[in-house]
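Heads up: the structure comes next, in structure tokens.
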Amino acid sequence: MKSKKILYVLFICSLFFSCEKKDDTNNKLIDEQSGDSKIEINSESVPLNLGQPALSEYSGFWENSRRIDIFDLMEYYPERLPFLRNEIFARYGRPFANQIYRDHFNAQSWYQEKSDFSESWLSQIDNENAAFIASVEQSIRNNDEITAQVLSNIEYSGEGVVITFTSRNELMWSDNDVDFGPYGVSGGGYLTWAIMGDWIIAFDTYSDAVSAVKLDHGARKITSAEYSKNNKHLDAFRSLLRAQGKSLPK
């Protein structure tokens, strides 16, 4: 009787471990096949990129993967933004149906088309950058309308900043910090500005900083504000001004 009980216990244990192993195998297959699977690390949900890595020969803007900001896009605005966005996908070997992009990327020495390309190969940062560029692209079509709106002396406020457009070249910027604002502006003054869709880029000659604000035109609000003292960004801002028929005061 005792031996029968032992055999029964051993049988139950074997069933348990067999099921556990099968579940592990199934979970592994699910993770390998799903580019948007999640794991828990330090109590944070982290997207996994379990697909093909970026092309090994790639060298370009996206070589050092990082989140971009509006200043990074100034030198590409507006005509080159679609190429910059599609390069995110091209560095993984995405085939392009559009002849313009196909010809462009086929001319790059690093590009190699992957017939099995999947967007699940992209990282979370890749997806965020592509979405950010697309949002700037979509707002380009409103440039003329936005320019007309901002020139009607409408005040925009938010993020500790108040701006009023006084002309096609200048705006009045007021900052909460009267000595040196958190967005690179010396408390306030008249700044030369350029437009990038919903974004307004301005330069303060006193602080040598390029500042940017994102406008919500319906609510007359500033929803985002940031600044940069990178010389490369200042050069890009000068180019952006020239493209819009403007220039910095001498």
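Read-outs: derived from the displayed coordinates by stated rules, not from any lab. Because the structure is predicted, anything quoted here is derived from the model rather than measured. With ideal geometry, Cβ positions are generated from the backbone for all residues, glycine too; neighbour counts draw on all protein chains shown.
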Original post:
Where a ≥ b ≥ c are the square roots of the eigenvalues of the C-alpha gyration tensor, would you call segment 70-140 rounded, which needs a/c under 1.5, or, failing that, prolate if a/b is larger than b/c, or oblate?
Top reply: oblate
Original post:
How many nm is it between the label spots at Ser65 and Asn231, if each spot is 7 Å from the Cα in line with the beta carbon?
Top reply: 3.2 nm
Original post:
Label Ala107 and Ser135 with points 7 Å out from Cα along Cα→Cβ: what is the distance between them in nm?
Top reply: 3.2 nm
Subject >> Calculated FRET value between Gln149 and Ser239, using beta carbons and R₀ = 35 Å, to 0.05 >> reply: 0.90
